[in-house]
Amino acid sequence: MKRSFFLLLGVMTVGFISGCAYLQKKDEPPPLPPIEEVKPPLSMKSDYFQSFPWSSLQSPKKDGNDPETITVTVKDGDSIESIAESMMGSAGMAPGLAAYNKMSSSATLHPGDKIVIPNPIIGVSSKIAVKSKGSKDFGEAERMGVTFKKGDEYKLRFETNTNGFLYVFRKGAKGVSILFPAPLKKSKRNQNPEPLMRDSGKVIAHDPVTLPLGKNGFVYDPKNAGDMLYVFMSMRKINELEELKAKTPIRVEELEDVMRRVKEGEIKSDPPVHVLRITDPGEILGFTLNIDG
């Protein structure tokens, strides 16, 4: 009898513990699915890829570990044209994208295939055109570092490979001034002038900007030897620099603060061109130049 009692008690205890465990499990939330890190797509307009240097790019890595590219996994119904349209803004980019991925532009894609899209490159070409004293016209624009004589005039010429916003500051013995965009000039009649493109800082791909505007150039004075240019370019407005446009005086430390946002060591320099591979349209290309080398 006593043996039967302990046996029954054991069965009831096991049942009670199992019941508690069951109730405990009912109250617990279901396990979360595993977290999968997915790199957000960099959706760009087609003009960000104008004159894209396909031939100079390294062969694509399809393992998703190249920070300079985005790897797209093909889904049912995808084609090179549809991927170029959705990711690069134009189906017209398909031939270059196909060649980059070592395939024909007419190749049939299958679900699970990998297509690698290189991140855009933003770049600025910086040149200078000189008119010697006594000459009628400016010479051809050439890379920075020319030899000046007192009284020579010069113009600065900048060209970008994408639409975006350009900012050019000049640092000399008398401080920092902004060369581009041109400060808005107010008058008694017009206290709120509408900005022109040159005032807004907006630039068009392959449409050169020449400074100063107008017929005459800057006049070289040996006292200004060593003047430095701070050049910034981005696909979007750079808020910190927008605030400096109407500020007087501008401190060089404020320009250096923006320069620290530039990817250190990422800019490739092949004068007169400076380029940067970007992963976000808000990233900044920034560099400095000496006007007279």
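The values are calculated or read from the model by the stated rules, or taken from the named source; none is laboratory data. Bear in mind the structure is a predicted one, so any value in this text is a computation, not a measurement. Cβ atoms come from the backbone with ideal geometry, glycine included; neighbour counts cover every protein chain shown.
May I ask you to verify whether V168 is of a type outside the set (G, A, S), modelled with pLDDT of 90 or more and either touching a Pro at 6+ places or on another chain (Cβ under 6 Å) or under 19 Å from G286 (Cβ atoms) (or both)? Show your work before the answer.
On the way: of a type outside the set (G, A, S): yes; modelled with pLDDT of 90 or more: yes; either touching a Pro at 6+ places or on another chain (Cβ under 6 Å) or under 19 Å from G286 (Cβ atoms) (or both): yes.
Criteria met by V168.
Being over 23 Å from R277 (Cα atoms) and under 25 Å from the mean Cα position of the chain (by Cα) is the filter here, so list the residues in segment 199-241 that pass it.
Start the filter on segment 199-241 by keeping residues that are over 23 Å from R277 (Cα atoms), which leaves 199-200, 210-228.
Within segment 199-241, D199, S200, T210, L211, M228 qualify.
Wholly within segment 225-293, which strands (runs of 3 or more DSSP E) include no fewer than the required count, namely at least 1 residues that are in contact with a helix residue (DSSP H, G or I) (Cβ under 7 Å, 6 or more places away or on another chain) and either over 20 Å from L156 (Cα atoms) or in contact (Cβ under 8 Å) with a residue 12 or more places away in the chain (or both)? If you could, list the steps in order and put the result at the bottom.
Details: elements: 228-234, 268-270, 273-277, 285-290.
Here the list reads 228-234, 285-290.
How many residues are under 8 Å from the mean Cα position of the chain (by Cα) and surrounded by 15 or more Cβ atoms within 10 Å (Cβ to Cβ) if we restrict to segment 260-284?
Quick first cut of segment 260-284, residues under 8 Å from the mean Cα position of the chain (by Cα) only: 276-284.
Within this subset, residues satisfying the condition of being surrounded by 15 or more Cβ atoms within 10 Å (Cβ to Cβ) are 276-279, 281, 283-284.
Here the count works out to 7.
Applying the selection to segment 237-249, what residues are at pLDDT 90 or above and surrounded by 12 or more Cβ atoms within 10 Å (Cβ to Cβ)?
Correct list: K237, I238, E240, L241, E242.
Confirm whether F148 is within 24 Å of the chain's Cα centre (by Cα) and either within 20 Å of D221 (Cα to Cα) or modelled with pLDDT under 90 (or both). Steps first, answer last, please.
Numbers: within 24 Å of the chain's Cα centre (by Cα): no; either within 20 Å of D221 (Cα to Cα) or modelled with pLDDT under 90 (or both): yes.
No: the conditions fail for F148.
Which numbered condition in (1) within 19 Å of the chain's Cα centre (by Cα); (2) at pLDDT below 95 is the only one that D257 fails?
(2)
Going by what's in this entry, would L289 be described as at pLDDT 90 or above and closer than 14 Å to K127 by Cα?
On the way: at pLDDT 90 or above: yes; closer than 14 Å to K127 by Cα: yes.
Answer is yes for this residue.
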